[in-house]
1. Tell me, please, whether a residue that is under 19 Å from the mean Cα position of the chain (by Cα), at pLDDT 60 or above and charged (D, E, K, R) can be found in segment 41-53.
2. Out of (1) surrounded by 20 or more Cβ atoms within 10 Å (Cβ to Cβ); (2) without any contact (Cβ under 8 Å) to a residue 24 or more places away in the chain, the odd one out for residue 202 is which?
3. Take the residues in segment 84-116 that are under 17 Å from the mean Cα position of the chain (by Cα) and modelled with pLDDT under 85; name whichever of them is surrounded by the most Cβ atoms within 10 Å (Cβ to Cβ).
4. Considering only segment 205-223, how many residues are open to solvent by 70 Å² or more (accessible area, probe 1.4 Å) and in contact (Cβ under 8 Å) with a residue 60 or more places away in the chain?
5. Take the residues of segment 64-82 that are under 10 Å from residue 129 (Cα atoms) and open to solvent by 10 Å² or more (accessible area, probe 1.4 Å): which is farthest from the chain's Cα centre (by Cα)?
Amino acid sequence: MKKIIKTYWLLFPLTFSWSTNIFAQSEDITIRLEFASVSEYFFNSLCKGISVKDTMPHKLSFPFLIENHTKKKMLFGSNTRNYYRDNEYFHYKDYNYGVIGRFLMINGADTIPLFTDKYNIKPGFEDYITIWGEIRFSLSDKRMSIFNDLLCRFAHFKVNQKERIYNYLNEARFVYVPVISDYELRMSECENDSIRNMFIYPQKPIEVIKNDPFTVFFIWNDDQENVETYPKGNASSE
């Protein structure tokens, strides 16, 4: 995993200090994560050393709630889709402003930018928006192979699989890192300062607030009617 992550950063560098002091909630914008979901499948041929009866997570999903605490309009976005699908030629063409920002999942040596699909930096008239971050298994998108290694590692949990996956996600930190140049490009299109002053946008990394206790929903083959909650009996996010 470390080798894969190291290779990944050569392709998709981040320009910020690793000092934990830089990750903070701003007074204007906060980000919350109330739960995560894990979709499970029989994918025996995709991970080495897995028996016929073993399952693996096919997708991890994280709904991030971005809250605006001001009376201004909020600009916010995150699009790593074009990078992961090698469609970067879309950047900066009319409706698109690049990566905009990255949601990172951090646990020990693992630092993984999540897959997000929020194309535009649109003015938000609501007090909050939700952006989904994902880790998906993919054989078609080569850059998404960094996800495959982690998901196959989870598949090798032979004992207490759900508990161990839950512990990993519960211990993980999540951080949003804005790409300031993308936001500044959008703001440069405003006609004058009075219009620009009507908007706020993230100008530094923001640490995500996780629910405590945290809840993970395990879903079998995307069957929303058959969901197992972990820890069992925790209905705080239902």
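The values are calculated or read from the model by the stated rules, or taken from the named source; none is laboratory data. Given the structure is predicted, the values throughout are model-derived calculations rather than measurements. Cβ coordinates were reconstructed from backbone atoms using ideal geometry, including for glycine residues, and neighbour counts include every protein chain displayed. Protein only, heavy atoms only, side chains kept; ligands, DNA and RNA dropped before computing areas. Shrake-Rupley method; radii C 1.70, N 1.55, O 1.52, S 1.80 Å.
1. No, because not a single residue in segment 41-53 is under 19 Å from the mean Cα position of the chain (by Cα), at pLDDT 60 or above and charged (D, E, K, R).
2. Residue 202 satisfies all of (1) surrounded by 20 or more Cβ atoms within 10 Å (Cβ to Cβ); (2) without any contact (Cβ under 8 Å) to a residue 24 or more places away in the chain except (2).
3. Among residues in segment 84-116 that are under 17 Å from the mean Cα position of the chain (by Cα) and modelled with pLDDT under 85, the one surrounded by the most Cβ atoms within 10 Å (Cβ to Cβ) is 98.
4. Number of matching residues: 3.
5. Kept after step one, since they are under 10 Å from residue 129 (Cα atoms), are these residues of segment 64-82: 64-68, 74, 76-77.
Pick out the ones that are also open to solvent by 10 Å² or more (accessible area, probe 1.4 Å) and you get 65, 67-68.
Values: 65: 11, 67: 16, 68: 19 Å.
Of everything passing the filter in segment 64-82, 68 is farthest from the chain's Cα centre (by Cα).
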